[in-house]
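Chemist: So that we are looking at the same thing, I have put the structure below in structure tokens.
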Amino acid sequence: MAKTVLITGGSRGLGAATALLAAGQGWNVAINYQSNRARADAVVDAIHKSGGKAIAYQADVADEAAVVAMFAAVDRDFGTLEGLVNSAGIIGPHGRIDQVDAAGLARLFAINITGTFICSREAIRRMSTKHGGKGGAIVNLSSAASRLGGPGESVPYAASKGAIDSLTFGLGQEVAGEGIRVNAVSPGMIDTEIQPPGRIAKNGPNLPMKRAGTAEEVAAAIFYLLSDEASYVAGAVLGVSGGR
Ligand code: NAP
């Protein structure tokens, strides 16, 4: 029987590339998006055209009630859940810390941190052998920024991804004995729409590989951690950052 993975932020970027890869490998894919229905539908259509099964679900991952309702809808539509990829995320307030405000920080942390926690909670309630589940895998999206710090432009974002590293390490141990592997991928600069205009062209050539990464290169790592190929990998943060 096909396994099912829910990918938050599956309508664009790294989430969409992972959705296409997982569907090609025989997984059913639940594609979450926040506001851009057309982009989510385009990913669903591409999967249907290649013979796979996918459904789009609107939910703001920062909205607990919406997340709970989304997981209930996935239960209804697919029956079981074997994978969760927490890819929904924003970069948030740009600039130095002496310019940030609490509202911008709250929204950033609500999406990048709380959203990942709440989606993971819902997945664990379904997958954990402690709750009668059959196990599964959770893959979080950290960032090389958690190591690099993002001085001058994105320290809040970097800090939000530092929280994801800690969550991955702690939760990875918490549920490893309950059939759930929790890991993270930590991408460097990847060419998706999350990047501010011009940033890839300006900074890509200065990276160790002289280029930014592609969404497909990150999706391959995410799918590895999702799959049984990574059966003894838990609590790991896998860098996909082209050497930096
Ligand atoms: P992206 O191309 O901007 O796509 C973001 C996705 O997240 C979209 O599907 C978007 O849906 C969704 N989303 C945003 N806010 C949401 C919310 N509140 N609730 C539900 N969905 C929401 O970004 P990406 O490059 O794929 O990034 C994916 C993840 O990788 C993020 O966590 C990011 O921090 C991390 N990451 C990216 C890079 C990079 O260089 N690209 C590097 C390191 C880490 P809508 O279209 O509906 O808004």
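Every number in this text was worked out from the coordinates using simple rules, so none of it is lab data. The structure displayed is predicted, hence computed values, not measured ones. Glycine gets a Cβ as well: all are built from the backbone with ideal geometry, and neighbour counts include every protein chain shown.
Chemist: So which residues in the range 1-22 are without any contact (Cβ under 8 Å) to a residue 60 or more places away in the chain and under 15 Å from residue 74 (Cβ atoms)?
Modeler: Answer for the range 1-22, where residues must be without any contact (Cβ under 8 Å) to a residue 60 or more places away in the chain and under 15 Å from residue 74 (Cβ atoms): 2, 19.
Chemist: So, one more: I'd like to check which helices (runs of 4 or more DSSP H) are fully inside the range 72-171 and have at least 2 residues that are crowded, with 23+ Cβ neighbours inside 10 Å and either of a type outside the set (Gly, Ala, Ser) or in contact (Cβ under 8 Å) with a residue 40 or more places away in the chain (or both).
Modeler: Details: elements: 102-109, 115-127, 145-148.
Here the list reads 115-127.
Chemist: Can you say whether residue 169 is away from the ligand (no atom under 15 Å from the Cβ), within 27 Å of residue 126 (Cβ to Cβ) and not basic (Lys, Arg), as far as the supplied structure shows? Step through it out loud before you land on a result.
Modeler: On the way: away from the ligand (no atom under 15 Å from the Cβ): yes; within 27 Å of residue 126 (Cβ to Cβ): yes; not basic (Lys, Arg): yes.
So residue 169 passes the test.
Chemist: Right, another one. Would you call residue 103 among the aliphatic types (A, V, I, L, M), away from the ligand (no atom under 14 Å from the Cβ) and under 26 Å from residue 161 (Cα atoms)? It would help to see each step written out before you state the result.
Modeler: Details: among the aliphatic types (A, V, I, L, M): yes; away from the ligand (no atom under 14 Å from the Cβ): yes; under 26 Å from residue 161 (Cα atoms): yes.
When the stated conditions are applied, residue 103 passes them.
Chemist: Hey, could you check the range 178-206 for residues that are away from the ligand (no atom under 11 Å from the Cβ) and assigned to a loop (DSSP other than H, G, I, E, B) and say which is nearest to residue 7 (Cα to Cα)?
Modeler: Restricting to residues being away from the ligand (no atom under 11 Å from the Cβ) and assigned to a loop (DSSP other than H, G, I, E, B), the top hit is 179.
Chemist: Let me ask something else. Given (1) within 14 Å of the ligand (Cβ to nearest atom); (2) within 19 Å of the chain's Cα centre (by Cα); (3) aliphatic (A, V, I, L, M), where does residue 175 come up short, assuming only one miss?
Modeler: Every listed condition holds for residue 175 apart from (1).
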